[in-house]
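The values are calculated or read from the model by the stated rules, or taken from the named source; none is laboratory data. Keep in mind that this is a model prediction, so the values were computed, not measured. Cβ placement follows ideal geometry from the backbone for every residue including glycine, while neighbour counts extend to all protein chains displayed. Just so you know, the surface numbers come from the protein's heavy atoms only, side chains and all, with ligands and any DNA or RNA stripped out. Shrake-Rupley method; radii C 1.70, N 1.55, O 1.52, S 1.80 Å.
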Amino acid sequence: MAKNYASRNIRGKLRVCNYMLKDTELRQYVPRTVSFSRSNLQMMTDAYSSIYVKPDIGSLGIGVCKVKRKRKGYELKAVEGKRQWKAYYDSFSGLFGKLSGMKQGKLIIQQGIKLDRVNGRPYDIRAMVQRRPKGQWICTGFMVKVGAAKKIVTNYYQGGTVYTLGKLHRKLGLSTDDSGRRERALTIASLRIARLLSGRQSGMNEIGVDFARDSAGSLWVLEVNSNHPQFHPLKQMDPEAYQKMKRYASYYGRRTAK
């Protein structure tokens, strides 16, 4: 999406992952991520029971594929537009041929994370981090994206549901102390990511960090969006957080959340 306000971005999910891997604190949050090739696909499907193949530059969950290794062959689920489909392949060559034929631009392969669930559905958490131009980074709020039934992505565009972080923690039955610890961990990690990336690219004033927790409770960074990250779903659900994000956005010339 084109933007006409003052916040530069870093293009490419793999590039961002590689930057974070060089940071001693952040590398623990980065799933194994490699460029798409036949040898890398073979290596990743051998190493992990499930992987994701996704556009290096993309949004809204479009073009994301999930590959799950089966006893005989592979299961492929893919998102095209707002439609998700499923197919099975008996051989690695068949799988690679299909993914190669779908290729639109550069692709990456990422280790599959068994996401924690709420109400039986996977979720991830968007941390919005903003600043006044040349000012300090501030985590201005969170938006939880809960996946639609049977979807491989959690995006609101793909039918997902949006929660506040407080609502998520209540539904998970967390204590006040546990909720506070989890929010602090998200805040600390997101601010460190913002400082790291803005050191690599001058003129950045906003990023959206998509975090996930796996079924064991470990924290992961699924991706970082520095190109027009969205927060408009919070307008009705969490007006206070929405207005704070919008206020910070106005400092660098962003007038709407879309």
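From the list G141, G120, the lone residue that is closer than 30 Å to R184 by Cα and without any contact (Cβ under 8 Å) to a residue 40 or more places away in the chain is G120.
Being exposed (fewer than 14 other Cβ atoms within 10 Å of the Cβ), small (G, A, S) and out of contact with any strand residue (DSSP E or B) (no Cβ under 8 Å at 6 or more places or on another chain) is a property that holds for S250.
Would you mind stating whether G217 is without any contact (Cβ under 8 Å) to a residue 40 or more places away in the chain, out of contact with any Lys or Arg (no Cβ under 8 Å at 6 or more places or on another chain) and within 18 Å of L165 (Cα to Cα)? In short, no.
Among the residues of region 183-225, just one is touching a strand residue (DSSP E or B) at 6+ places or on another chain (Cβ under 9 Å), in a loop (DSSP other than H, G, I, E, B) and crowded, with 20+ Cβ neighbours inside 10 Å, namely N205.
If you check Y19, Y5 for being among the aromatic types (F, W, Y), within 30 Å of G253 (Cβ to Cβ) and either open to solvent by less than 20 Å² (accessible area, probe 1.4 Å) or at pLDDT below 95 (or both), only one passes: Y5. Kindly indicate whether any position in region 92-102 is modelled with pLDDT of 90 or more, farther than 22 Å from A148 by Cβ, in contact with a Cys (Cβ under 8 Å, 6 or more places away or on another chain) and surrounded by 18 or more Cβ atoms within 10 Å (Cβ to Cβ). Yes, region 92-102 contains a residue that is modelled with pLDDT of 90 or more, farther than 22 Å from A148 by Cβ, in contact with a Cys (Cβ under 8 Å, 6 or more places away or on another chain) and surrounded by 18 or more Cβ atoms within 10 Å (Cβ to Cβ).
Considering each of G112, G147 in turn, give the residue that is open to solvent by 10 Å² or more (accessible area, probe 1.4 Å) and either touching a helix residue (DSSP H, G or I) at 6+ places or on another chain (Cβ under 7 Å) or not hydroxyl-bearing (S, T, Y) (or both). Give the steps one after another, and end with the answer.
Working: G147 fails: open to solvent by 10 Å² or more (accessible area, probe 1.4 Å).
On inspection, the qualifying residue turns out to be G112.
Only residues that are touching a helix residue (DSSP H, G or I) at 6+ places or on another chain (Cβ under 8 Å) and among the basic types (K, R) were counted in region 221-244, giving 1. Among the numbered conditions (1) over 22 Å from P31 (Cβ atoms); (2) modelled with pLDDT under 95; (3) not hydroxyl-bearing (S, T, Y), the only one that A249 does not meet is (2). Scanning region 61-81 for residues being outside any strand (DSSP E or B), touching a residue at least 12 places away in the same chain (Cβ under 8 Å) and surrounded by fewer than 14 Cβ atoms within 10 Å (Cβ to Cβ) gives a total of 2.
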